[in-house]
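Report on the following structure.
Derivation of every value follows stated rules applied to the coordinates shown; laboratory data play no part. Bear in mind that the values here come from a model prediction, so they are computed numbers and not experimental data. For neighbour counting, all protein chains shown are included, and Cβ atoms are generated from backbone atoms with ideal geometry for every residue, glycine included.
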Amino acid sequence: MTISTNCILCKHNSLHLFHQDKNRKYYRCDHCKLVQVPKIYHLSLEEEKKRYDLHENNIDDPLYRNFLSKLSSQLLPLLPQSAVGFDFGCGPSPALADIFNRAGFEMDIFDAFYYPDKLYLTKKYSFITSTEVVEHLANPGKEIEKLWDLLLPQGYLAIMTGMVINKARFENWSYIRDLTHICFFSLETFNWLTHHLEAELVLSTQNIVILQKPDQ
Ligand SMILES: [Zn+2]
């Protein structure tokens, strides 16, 4: 079977083999540096859902809320009063939306498996969050551009995902053993994305970036 050599994020024809383990091959794009797993290794939707059902994140689980608060604690101080937000890919337990609700912000949610109502496509938001989602996307370029279009001017897009540090760390990274993870961002990738979207990179940490949309 032939492997597409076009990057799933930037669409450039510049993929090269980056790593291989007993399960899969991993290609890296020379242009945007996204590491990606070819489609032949992607799970079916049924297999994927089965794995998410095992995640058992409870909305009140303090460990899970603490994990998500790493993002909310960075984003909350930036938000204007009465900002309305949207959490893309909330999973079975929309704990992040609950955190923002309790901080006084209205929030819509969507999850392809658990909350599939697409009403959000008709709305505009002051902020959009997506935690532990982009690494599951087969077409992250299209999905992120769609989210970007839903943002109001000066709105924030906050993304949390495990990030590639270097090849040695990648090879021993437990994150790549999860077969639902099919693409791996790095700070370099987010720098490319910032430029591509004509955004401002407001914050970047080990696993969180916040991009701001310019005034129009
Ligand atoms: Zn690329």
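The table that follows gives values for the structure above.
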{"quantity": "Filter result for PHE86 (of a type in the set (Phe, Trp, Tyr) and within 17 Å of the chain's Cα centre (by Cα))", "calculated": "yes"}
{"quantity": "Matching option when the condition is touching a His at 6+ places or on another chain (Cβ under 6 Å) and surrounded by 16 or more Cβ atoms within 10 Å (Cβ to Cβ), among TYR64, TYR26", "calculated": "TYR26"}
{"quantity": "Hits in the range 116-167 (condition: closer than 21 Å to TYR27 by Cβ and polar (S, T, N, Q))", "calculated": "ASN139, THR161, ASN166"}
{"quantity": "Any hit, the range 157-178, residues being within 16 Å of the ligand (Cβ to nearest atom), assigned to a loop (DSSP other than H, G, I, E, B) and of a type in the set (Gly, Ala, Ser)", "calculated": "no"}
{"quantity": "Breaking point among (1) within 22 Å of GLN206 (Cβ to Cβ); (2) in contact (Cβ under 8 Å) with a residue 12 or more places away in the chain, for SER73", "calculated": "(2)"}
{"quantity": "Long-range neighbours under 6 Å by Cβ, at least six apart or interchain, first residue in contact (Cβ under 8 Å) with a residue 60 or more places away in the chain within the range 179-206, second within 12 Å of the ligand (Cβ to nearest atom) and assigned to a helix (DSSP H, G or I)", "calculated": "CYS183/PRO140"}
{"quantity": "Residue list for the range 115-125, filter: closer than 26 Å to LEU43 by Cβ and part of a strand (DSSP E or B)", "calculated": "TYR115"}
{"quantity": "Top-ranked residue of the range 188-207 - restricted to ones that are of a type in the set (Val, Ile, Thr) and surrounded by fewer than 19 Cβ atoms within 10 Å (Cβ to Cβ), ranked as farthest from ASN166 (Cα to Cα)", "calculated": "VAL202"}
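Yes or no, residue by residue, for (1) closer than 21 Å to GLY141 by Cα; (2) within 16 Å of the ligand (Cβ to nearest atom); (3) in contact (Cβ under 8 Å) with a residue 24 or more places away in the chain:
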site	(1), (2), (3)
LEU9	yes, yes, yes
ASP21	no, no, yes
HIS31	yes, yes, yes
VAL37	yes, yes, yes
ILE40	yes, no, yes
PHE67	no, no, no
PRO92	no, no, yes
ASP108	no, no, yes
PHE113	yes, no, yes
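So that you can scan it fast, the table gives a plain yes or no per residue for (1) assigned to a loop (DSSP other than H, G, I, E, B); (2) small (Gly, Ala, Ser):
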position	(1), (2)
SER72	no, yes
LEU76	no, no
PHE113	yes, no
PHE127	no, no
ALA138	yes, yes
LYS142	no, no
